[in-house]
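The values are calculated or read from the model by the stated rules, or taken from the named source; none is laboratory data. Owing to the predicted nature of the structure, the values given are computational and were not obtained by experimental measurement. Reconstructed Cβ throughout: ideal geometry from the backbone, glycine too, with neighbour counts over all protein chains shown. All accessible areas refer to the heavy atoms of the entire protein, side chains included, with ligands and DNA or RNA removed. Shrake-Rupley method; radii C 1.70, N 1.55, O 1.52, S 1.80 Å.
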Amino acid sequence: MTLTFRTATRDDVPAILTLLADDGVSRDRGFGTVPEADDARIWAAFEAIDADDRNELIVASDGAEVVGTCQLTYIPGLTRNGGERLLIEAVRISSARRGQGLGGELIRWAVEQGRARGCTMVQLTSDKKRADAHRFYTKLGFAASHEGFKLAL
């Protein structure tokens, strides 16, 4: 198996949506089925990400099969002496492929993208219900250093 990482294309969107729906926490939020690929909001979101040089929608592929995804967002800020932060969001590995080290490869690759860009910090959030994910991120060197807050609109 040779895992490759690349920027997602429009053709990858259905596979990405499948990965995002293949998750118990997502199903609890009402995302239990794959949204229609012709949903205008989905395509508008993809186009906005694709057009923004501070956002990258990434797929991890094993041959022609998309087995993972994440979104990288580069955030400028005045803290840390004006250093840019890398936010890693919407990390998913196909449930059929979990436990094979693919998630670690994806995260290490993403961290290297931030390092190469000169980021001074990598951050991510993980739902409090995802105990396995918390252990996974801790093993990769991340620290649960902050308490996060969200407000659904």
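Couple of notes before you dig in:
- HN-Hα J in Hz across the range 65-75 - Karplus 6.51, -1.76, 1.60, θ = phi - 60°, x for Gly and Pro: 8, 7, 10, x, 7, 6, 10, 10, 10, 9, 10
- Within straight-line reach of K139, meaning a Cα separation under 20 Å, sit the following aspartates and glutamates at least 8 residues removed in sequence or on another chain: E89, E105, E112, D127, E147.
- Comparing Cα centroids, the range 97-132 and the range 38-95 end up 12 angstrom apart.
- P(r) of the range 77-116 over all Cα-Cα pairs, binned every 5 Å from zero, in whole percent: 5, 20, 22, 19, 13, 9, 5, 5, 1
- Exposed loop sites are taken as GluC sites (Glu not before Pro) in a DSSP loop (any state but H, G, I, E or B) with at most 13 other beta carbon atoms within 10 Å; the longest stretch of the chain without one runs 37-146.
- Residue of L124, L102, L140 that the Gaussian network model of the chain assigns the largest fluctuation, springs spanning Cα pairs under 10 Å: L140
- Sites A133 and A48, calculated FRET efficiency, Cβ-Cβ separation with R0 30 Å, nearest 0.05: 0.70
- The chain, helix-only ellipticity at 222 nm - DSSP H runs n ≥ 4, -39,500 (n - 2.57), divided by all residues, nearest 500: -10000 deg cm²/dmol
- Bridging of K150 to lysines at a Cα separation below 23 Å is possible for K128, K129, once same-chain residues fewer than 8 apart are set aside.
- Accessible area per residue, Å², the chain with all protein chains present, probe 1.4 Å: 62
- Mean silhouette area of the range 33-94, derived from the convex hull of its C-alpha atoms and averaged over all directions, reads 5.8 nm².
- For q = 0.12, 0.17 Å⁻¹, Debye-computed log10 I/I(0) when each Cα of the chain counts as one equal scatterer: -0.53, -1.13
- The range 92-133: C-alpha pair distances exceeding 16 Å, %: 49
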